[in-house]
Amino acid sequence: MGEYVFITGIGSGLGKALAEESLKRGYRVLALSRRLPEDLKSKDITFKYCDLSEIERIGTRVKELIEGVEHINLVILNAGVLGQFGDMYDISLRKFKEVMDINVWANKVIIDTFIENKVKVEMIIGISSGASINCNRGWNAYAMSKASLNCLLKLYAREMEHTHIISLAPGLVMTPMLEEVMRQDEVKYPSVKRIKESPKRSPEETARLIFDLIPRLKEFESGSYVDIRDIVG
């Protein structure tokens, strides 16, 4: 049957690069996303459309995607949204909920569906962010959602004894999300200026690095938050 990698959000950026890297390394890809890029349609990918903001539909889509699969080698919870960049006071609770649904609760439904369907998962990597620790001005809902994701995955690590779980901050990756951040006011939001001046990796470089680092990630206690910059700079 081959080894499986389950990835969310493969439509562009890091998710697409992770899917491509998985295929290069001989994995069969199970993909949950709003879009399947044209250049991946002929590849060994089992794809199911899913808008992760529609929480009530996620379980069904995941169940369809994993039908007949008893063992998944790696799950990468990559999909996420930035939300509205700005000060806390200016962001409505509705906007916060939209970000939390996609960045946190969608992942709970996905993991719960694996458990419910008795699928053995060797490793889960949740794509987190330095924003979850730094809480810099402007990052509001995104920072809070990624901090919540870290906690969510740590809690599951206490329950899923046979699955190694890591929250991974991949560093600065040149994706549409980061480009949106770099368009913000760097005077009002000092972290924007620091990001502009800092080295960045392409999605493809980051995807290769993540797979190369998997043996080292397994050395960290399950449930740990790991910033890739602390390992490789």
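The values are calculated or read from the model by the stated rules, or taken from the named source; none is laboratory data. This structure is a prediction, so every number in the text was calculated from the model and none was measured. For neighbour counting, all protein chains shown are included, and Cβ atoms are generated from backbone atoms with ideal geometry for every residue, glycine included.
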Checklist outcome for this item: Just one listed residue, out of N78, N103, is under 18 Å from L30 (Cβ atoms) and modelled with pLDDT of 95 or more, and it is N78
Checklist entry - Filter the range 164-194 for residues that are in a loop (DSSP other than H, G, I, E, B) and touching a strand residue (DSSP E or B) at 6+ places or on another chain (Cβ under 9 Å); which is nearest to D212 (Cα to Cα)? => result P170
Item to check | Those strands (runs of 3 or more DSSP E) lying entirely in the range 1-81 with at least 1 residues within 20 Å of G171 (Cα to Cα) | outcome: 4-8, 71-77
Checklist entry - Among all residue pairs at least 6 apart or on different chains, which show Cβ distances below 6 Å where the first residue, located in the range 55-71, is in contact (Cβ under 8 Å) with a residue 40 or more places away in the chain and the second is among the charged types (D, E, K, R)? => result I55/D101; L65/K48; H71/K120
Next on the checklist: Being surrounded by 14 or more Cβ atoms within 10 Å (Cβ to Cβ) and either closer than 22 Å to L23 by Cα or among the small types (G, A, S) (or both) is the requirement here; does T163 meet it?
Outcome noted: no
Checklist entry - In the range 100-113, is there at least one residue being surrounded by 21 or more Cβ atoms within 10 Å (Cβ to Cβ), closer than 21 Å to L14 by Cα and charged (D, E, K, R)? => result no
Item to check | Subset of the range 67-84 that is among the β-branched types (V, I, T) and surrounded by 21 or more Cβ atoms within 10 Å (Cβ to Cβ) - its residue that is nearest to K97 (Cα to Cα) | outcome: I76
